[in-house]
Amino acid sequence: MKRELLICCMLLAVGSWLTVNAKVTLPQLFQSGMVLQRGKPIPVWGKADAGEKIVISWQKKQYTTVANDDGRWRLDLPKMKAGGPYTLEVKSEGVNGEKLLFEDVMVGDVWLLSGQSNIDVTIERVYPQYVDEIDKFDMPQVRLFRVQNETNTHGVQEDIRRTSINWKPLTKQNAWLFSAVGSFLGKRMWEKNKVAQGIIVNSWGGTPIEAWISADSLMKDYPMLIKRLALFQNDKYIRAQSQANAEANNRWQELLDKTDGVQSYPLPSYQDSDWQTIDQNNWSWRGTGSVWLRQHIKIDKDHAGKPARLLLGTLFDQDVTYLNGKEIGHTYYQYPPRRYDIPKGLLREGDNVIAVRFINKYGAVHFIPEKPYLIAFGDDRFSQNPMPKDVIPLDSQWKMHVGVDMPNCPSGDVSMQNQPTTLYNAVLYPLAPYAINGIVWYQGESNTGNPAPYADYLKKLMGCWRDRWQEQQLPFVIVQLANYDGRQQTGNPQPIRPQNDPVNSNWARLREAQRLTAKADARAELAVINDLGETVDIHPLRKKEVAERIGLCFDRLIYNNKVKLSPEVVSVDVTGNKIQLTLDQPIQEGELYTFEVAGDDRKFYNVEATAKGNIITLITPDFAPRAVRYAWKDNPLRANVRSLTSIPMSSFEMNF
């Protein structure tokens, strides 16, 4: 009898412990400071013990639900108008049930921004373009959330990783390493609509569109992609490959450092008179390993000892930069601009030495000629728009010495983020059904090698994301590829010559896929930015202007369908060798460039074009035209069809 009583007491104690310690959890998106979407039901969901009663307190009302047999629960709060701050309380009911409290909750508009590295580009990167505006960032009604990178080859997962940015307000400090497009979009939409803005950034540099599409969407038409994914559904293999790649990199660097003159070459006292002299604008070291450059620069008494900033353009690939023997900057890959701060007291009157150690695991070491190379002084030294007033330009002549010739660094990197569906599984699927107002898709550079299937991929992406949110009218803004000369991707160290003759550009083909996909979808718009890129930089800095174009698209999709966007051709009339294109709006009048026509042989020729009102007139050579295209280049610098508000027209190709 005593034994039975003891067992009964123990069971009661365990049951009491389970009740008291019943744990209720919500996804990572639910944090104090979050923004909830106005005008739509507000899903709140999570996990608890099976059968546990969940009570949500919101706006002086209580709502209840019960966790199912799997411990999952969901409750949709009613639609609300914009407002706040509010408090959301979620608790599991029971003896001393657990309670979660979310404070400073706003109701407004929530935007999801996704894609690759041009979404990733941070406020820190674009700061020189908008110094005064960023210095004044202080917008507590705009909240920032960054999804942490993660992949999953096995299937969808329930939640994202814990993030370091949990709905932080827009300030210079909070936005410094946050998406520039996201920051400027939130600021723009707040200034226009005066309701709280939630910006969720979910992007990964260099990723192809296939990684962001569900397996179900790819299976029917692209079964080989799913078979490829199966190769990576072995965690042991992935760990082994990743470890091998890390070991190869470490060993390569170890051998490089062992024989390179790291200790002596940066020193001002080192004698470089026997080094070869090279011109940075007409030079490349074609090999892998390390190469050293040194430049002597004279500093006068007025500038000696003052803090400054060294601008070294954008270099290929890695660099470690020294001034008078002290390291002032180190960049590990080709894309970031080299902006290295020189501390007070380091520059001295008279001779100073800048030493740059290039490290390349592949390709040709080179400078990007179109970038700035100078030392800037004064309070405006952080600005590049306009450029600082007090600068000392660097010479294009450098002393050069090969450090170590090395073989290419072996790579076993499996790049899981580039495999089909891995990002949909890990960082897209878990975000739904968090209510959002619209999606920005800013991606495509990584698919320019094979643009043929991109339109279908993009249609599938939009479809499976809308399915995930169970909202078929969910607005999408597709940001079209900016102008950029893709030939830089080959590591070509020479200045790029403009593409004047007709060329079958892959970048234009992908832009066309983006244009046609947006045009075919009543709830999508195209943000045309073929005037905001840079010839030699795949990450152009004018991200505020990109955000403004995105904002205009959402204005039209959500708030006012009369908003004018990029000019579009609505009809074509061909009479003899004259073509008239009628647009949906008047454009800036005058002579137009980058129009091409083709006949039956599909060979394109440049043609003259003029604009008057909303009509573009083309005079073709002496053949019957069968096709016309516009701005059909990687980098259509001369393209000049613009609306009366200066929004450019998209590139296009039309057949008759």
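The figures follow:
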{"item": "Some residue of the range 467-477 being of a type in the set (D, E), modelled with pLDDT of 95 or more and surrounded by fewer than 16 Cβ atoms within 10 Å (Cβ to Cβ)", "result": "yes"}
{"item": "Qualifying positions in the range 451-471 - assigned to a loop (DSSP other than H, G, I, E, B) and touching a residue at least 12 places away in the same chain (Cβ under 8 Å)", "result": "P451, A452, P453, Q470"}
{"item": "Filtered residues of the range 262-320 (kept if open to solvent by less than 10 Å² (accessible area, probe 1.4 Å), among the acidic types (D, E) and either in contact with an Asp or Glu (Cβ under 6 Å, 6 or more places away or on another chain) or modelled with pLDDT under 95 (or both))", "result": "none"}
{"item": "Residues that are among the basic types (K, R) and modelled with pLDDT under 95, drawn from the range 488-536", "result": "R497"}
{"item": "Meets criteria (acidic (D, E) and over 30 Å from the mean Cα position of the chain (by Cα)) for D109", "result": "no"}
{"item": "Subset tally (residues that are without any contact (Cβ under 8 Å) to a residue 60 or more places away in the chain and either acidic (D, E) or over 16 Å from I299 (Cβ atoms) (or both)) for the range 326-339", "result": "7"}
{"item": "Which listed residue, of S32, S16, is polar (S, T, N, Q) and modelled with pLDDT of 95 or more", "result": "S32"}
{"item": "Output for the range 573-589, where each listed residue is more than 15 Å from G613 (Cα to Cα) and either in contact with a Leu (Cβ under 7 Å, 6 or more places away or on another chain) or not polar (S, T, N, Q) (or both)", "result": "D573, V574, G576, K578, I579"}
{"item": "Filter result for the condition that a residue is at pLDDT 95 or above, assigned to a strand (DSSP E or B) and open to solvent by less than 20 Å² (accessible area, probe 1.4 Å), over V181, V142", "result": "V142"}
{"item": "Meets criteria (hydrophobic (A, V, I, L, M, F, W, C) and assigned to a loop (DSSP other than H, G, I, E, B)) for A426", "result": "no"}
{"item": "Qualifying residue in the range 328-348 (condition: open to solvent by less than 50 Å² (accessible area, probe 1.4 Å), among the polar types (S, T, N, Q) and more than 21 Å from D537 (Cα to Cα))", "result": "no"}
{"item": "Matching strands (runs of 3 or more DSSP E) fully within the range 590-656 where at least 2 residues are touching a residue at least 60 places away in the same chain (Cβ under 8 Å) and open to solvent by 60 Å² or more (accessible area, probe 1.4 Å)", "result": "604-606"}
{"item": "Residues of the range 349-371 satisfying the condition of being loosely packed, with under 13 Cβ neighbours inside 10 Å and not in a strand (DSSP E or B)", "result": "Y362"}
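The values are calculated or read from the model by the stated rules, or taken from the named source; none is laboratory data. Keep in mind the model is a prediction, meaning the values are calculated, not measured. Don't worry about glycine lacking a Cβ; one is built from the backbone with ideal geometry, like all the others, and counts go over all protein chains shown. Side chains are part of the model used for accessible areas, which takes the heavy atoms of the whole protein and leaves out ligands, DNA and RNA. Shrake-Rupley method; radii C 1.70, N 1.55, O 1.52, S 1.80 Å.
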